[in-house]
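A.B. asks: Before we start, here is the structure in question, set down as structure tokens.
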Amino acid sequence: MSKLFEPIKLGAIELPNRIVIAPMCQYSAQDGCMTDWHLIHLGHLAMSGAALLTIEATAVSTEGRITYADVGLYSTETEASIARTIESIRRHSPIAVGIQLGHAGRKASTEVPWLGGAQIAPDAPNGWTTVAPSAIPFASGQISPVELTHQQMKGIRQGFVGAAQRAVQLGIDLIQLHAAHGYLLHQFLSPISNRREDEYGGSYENRIRFPLEVFDAVREAVPPGYPVSVRVSGTDWIVNGWTIEETATFCRELEKRGCAAIHVSSGGLAPEQKIPIGPSYQVPLARTIKSAISIPVVAVGLITEFEQAEAIVSTGDADFVALARGMLYDPRWPWHAAAFFGERVRAPKQYLRSEPGRTRFLYEAEAE
């Protein structure tokens, strides 16, 4: 039996396999609201046979968006747009759905990637003033963010709480807090971006304080047993930056507070990062975190081959593998992996005639 297709429990959720679709920004929202693109994109991925579909980085406030075209969950209108997409997915797929909640901090107010992704000035169309733990820009030549006051931090913390409560109301199965890739919570963690001189800066204990406060507030705001996970950058890949050892200690603190899972990525904090990119390049980071905690760990990063994914979970480096760009390239990757290993995978009855000889499709009716 393939370990990749072995069922597992994540909090209160029963998942049929270990394949996760990682959150991927689409930069296709209008005023924070999902559009028909999201209905097509997420609906398509919901048919993949993966165990968990994670909605892209979703801002907890308007100024927390990475770009003006990001999805948000901070108003009646943004909630209604996500509800429309979720309701459509639920009608046609039993896949578990999670959502990544985040705030971009100093990496906000940027152009969409296919138009260059550059910072947009606060007084320019589609731009706004960014905020961060300290008034340090992401890259030289950029406009510096405004250092957050305690009152503003309280407002952001409440923004995470409000978005989490809306996610629960929407029937979303899992919340992931985004503390990776150089966005706001990661900015607090790293000494590269956090030079505060109050109780939220300086020492390691001070730098993890605000991210832990956000986690605690969200955990308290959702029902008991509801899974709240966290995505972390295991390292900044920068000398004197955030390290894997600090990440492990941070994850142990999250586990004590009731975190359901840790998704281990890396980098994103500053342009001077030097990432040794290659197949499974982040798996050693996941392995370190797996050895430090007892809750499930998700590995991600250039995981493309079936046997590669199987090795990651069967050797205990991680409990799940997450696919992002690879899933866009091959949205039926879980089907093909199941065929390779002779395992079962969920598929819509409308697609049953495409069943390969070695794959035993699991009817959605059976799954119910």
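A.B. asks: Suppose we keep only residues that are in a loop (DSSP other than H, G, I, E, B) and charged (D, E, K, R) within region 234-284. Which one would you say is nearest to residue 139 (Cα to Cα)?
C.D. replies: So the first thing to find is which residues in region 234-284 are in a loop (DSSP other than H, G, I, E, B), and the list is 234-243, 257-261, 266-282.
Keeping just the survivors that are charged (D, E, K, R) gives 236, 257, 272, 274.
Details: 236: 15, 257: 34, 272: 9, 274: 15 Å.
For region 234-284, the residue satisfying everything is 272.
A.B. asks: Here's another thing I want to ask about it. Out of (1) closer than 19 Å to residue 112 by Cα; (2) outside any loop (DSSP other than H, G, I, E, B); (3) out of contact with any helix residue (DSSP H, G or I) (no Cβ under 8 Å at 6 or more places or on another chain), what's the single condition that is false for residue 55?
C.D. replies: Among (1) closer than 19 Å to residue 112 by Cα; (2) outside any loop (DSSP other than H, G, I, E, B); (3) out of contact with any helix residue (DSSP H, G or I) (no Cβ under 8 Å at 6 or more places or on another chain), the lone unmet condition for residue 55 is (3).
A.B. asks: For region 147-224, please list each of the helices (runs of 4 or more DSSP H) lying entirely inside it that holds at least 1 residues being under 29 Å from residue 238 (Cα atoms), modelled with pLDDT of 95 or more and touching a Ser or Thr at 6+ places or on another chain (Cβ under 9 Å). Show your work before the answer.
C.D. replies: On the way: elements: 150-169, 184-189, 204-207, 209-221.
By residue number, 150-169, 184-189, 204-207.
A.B. asks: Which condition breaks for residue 280 when tested against (1) surrounded by 18 or more Cβ atoms within 10 Å (Cβ to Cβ); (2) farther than 17 Å from residue 235 by Cα; (3) polar (S, T, N, Q)?
C.D. replies: (2)
A.B. asks: Same structure, new question: Taking the conditions exactly as written (under 14 Å from the mean Cα position of the chain (by Cα), crowded, with 18+ Cβ neighbours inside 10 Å and either under 19 Å from residue 133 (Cα atoms) or of a type in the set (S, T, N, Q) (or both)), does residue 263 satisfy them or not?
C.D. replies: no
A.B. asks: Within region 122-152, can you find the residues that are surrounded by fewer than 19 Cβ atoms within 10 Å (Cβ to Cβ) and of a type in the set (A, V, I, L, M)? Give the derivation first.
C.D. replies: Step one: of region 122-152, the residues surrounded by fewer than 19 Cβ atoms within 10 Å (Cβ to Cβ) are 122-129, 135-137, 139-144, 146-147, 149-152.
The answer is 124, 135, 136, 139, 143, 146.
A.B. asks: Okay, next question. Among the residues of region 321-351, how many are assigned to a strand (DSSP E or B) and within 23 Å of residue 231 (Cβ to Cβ)?
C.D. replies: Start the filter on region 321-351 by keeping residues that are assigned to a strand (DSSP E or B), which leaves 321-323, 344-347.
Subsequent filtering for residues that are within 23 Å of residue 231 (Cβ to Cβ) retains 321-323.
Counting residues in region 321-351 that are assigned to a strand (DSSP E or B) and within 23 Å of residue 231 (Cβ to Cβ) gives 3.
A.B. asks: Continuing with the same structure: If a residue must be touching a helix residue (DSSP H, G or I) at 6+ places or on another chain (Cβ under 8 Å) and surrounded by 18 or more Cβ atoms within 10 Å (Cβ to Cβ), how many such residues does region 83-106 contain? Reasoning before the result, please.
C.D. replies: Pass one, region 83-106, residues touching a helix residue (DSSP H, G or I) at 6+ places or on another chain (Cβ under 8 Å): 84-85, 88-89, 92-95, 97, 99, 101-106.
Pick out the ones that are also surrounded by 18 or more Cβ atoms within 10 Å (Cβ to Cβ) and you get 85, 89, 93, 95, 97, 99, 101-106.
Qualifying residue count for the region: 12.
A.B. asks: Further question: Within region 305-320, restricting attention to residues that are assigned to a loop (DSSP other than H, G, I, E, B) and closer than 20 Å to residue 14 by Cα, which residue is farthest from the chain's Cα centre (by Cα)? Please lay out each step first, then the result.
C.D. replies: Residues of region 305-320 that are assigned to a loop (DSSP other than H, G, I, E, B), as a first pass: 305, 315-319.
Cutting the leftovers down to closer than 20 Å to residue 14 by Cα gives us 316, 318-319.
Working: 316: 21, 318: 16, 319: 16 Å.
So the residue we want is 316.
A.B. asks: For region 199-220, name all the residues that are among the small types (Gly, Ala, Ser) and either crowded, with 18+ Cβ neighbours inside 10 Å or free of Cβ contacts under 8 Å to residues at least 60 places away in the same chain (or both).
C.D. replies: Filtering region 199-220 for residues among the small types (Gly, Ala, Ser) gives 201-203, 217.
Selection gives 201, 202, 203.
A.B. asks: Now for a separate question. Pull out all pairs, ordered by first then second residue, where Cβ-Cβ is under 6 Å, the residues are six or more apart or on different chains, the first lies in region 153-175 and is in contact (Cβ under 8 Å) with a residue 40 or more places away in the chain and surrounded by fewer than 21 Cβ atoms within 10 Å (Cβ to Cβ), and the second is small (Gly, Ala, Ser) and part of a helix (DSSP H, G or I).
C.D. replies: Once the first residue is in contact (Cβ under 8 Å) with a residue 40 or more places away in the chain and surrounded by fewer than 21 Cβ atoms within 10 Å (Cβ to Cβ) and sits in region 153-175, its partners that are small (Gly, Ala, Ser) and part of a helix (DSSP H, G or I) give 157/217; 161/217; 161/221; 165/221; 170/83.
A.B. asks: For residue 29, only one of the following conditions fails: (1) under 26 Å from residue 339 (Cα atoms); (2) buried (at least 23 other Cβ atoms within 10 Å of the Cβ); (3) over 15 Å from the mean Cα position of the chain (by Cα). What is its number?
C.D. replies: So residue 29 meets the others, but not (1).
A.B. asks: Select, from 292, 311, the only residue that is surrounded by 15 or more Cβ atoms within 10 Å (Cβ to Cβ) and in contact with a helix residue (DSSP H, G or I) (Cβ under 8 Å, 6 or more places away or on another chain).
C.D. replies: Details: 311 fails: in contact with a helix residue (DSSP H, G or I) (Cβ under 8 Å, 6 or more places away or on another chain).
Unique residue meeting the criteria: 292.
A.B. asks: Here are the criteria: (1) β-branched (Val, Ile, Thr); (2) under 18 Å from residue 73 (Cα atoms); (3) more than 19 Å from the chain's Cα centre (by Cα). Tell me which single one residue 218 does not satisfy.
C.D. replies: Only one criterion in (1) β-branched (Val, Ile, Thr); (2) under 18 Å from residue 73 (Cα atoms); (3) more than 19 Å from the chain's Cα centre (by Cα) is unmet by residue 218, namely (3).
A.B. asks: Please state which of the following conditions residue 34 fails to meet, knowing it meets all the rest: (1) surrounded by 22 or more Cβ atoms within 10 Å (Cβ to Cβ); (2) in contact with a strand residue (DSSP E or B) (Cβ under 8 Å, 6 or more places away or on another chain); (3) not basic (Lys, Arg).
C.D. replies: Checking residue 34 against (1) surrounded by 22 or more Cβ atoms within 10 Å (Cβ to Cβ); (2) in contact with a strand residue (DSSP E or B) (Cβ under 8 Å, 6 or more places away or on another chain); (3) not basic (Lys, Arg), the one that fails is (2).
The values are calculated or read from the model by the stated rules, or taken from the named source; none is laboratory data. Just so we're clear, the structure is a prediction, and the values are computed from it rather than from any experiment. Heads up, the Cβs are rebuilt from the backbone with ideal geometry, glycines too, and the neighbour counts pull from every protein chain shown.
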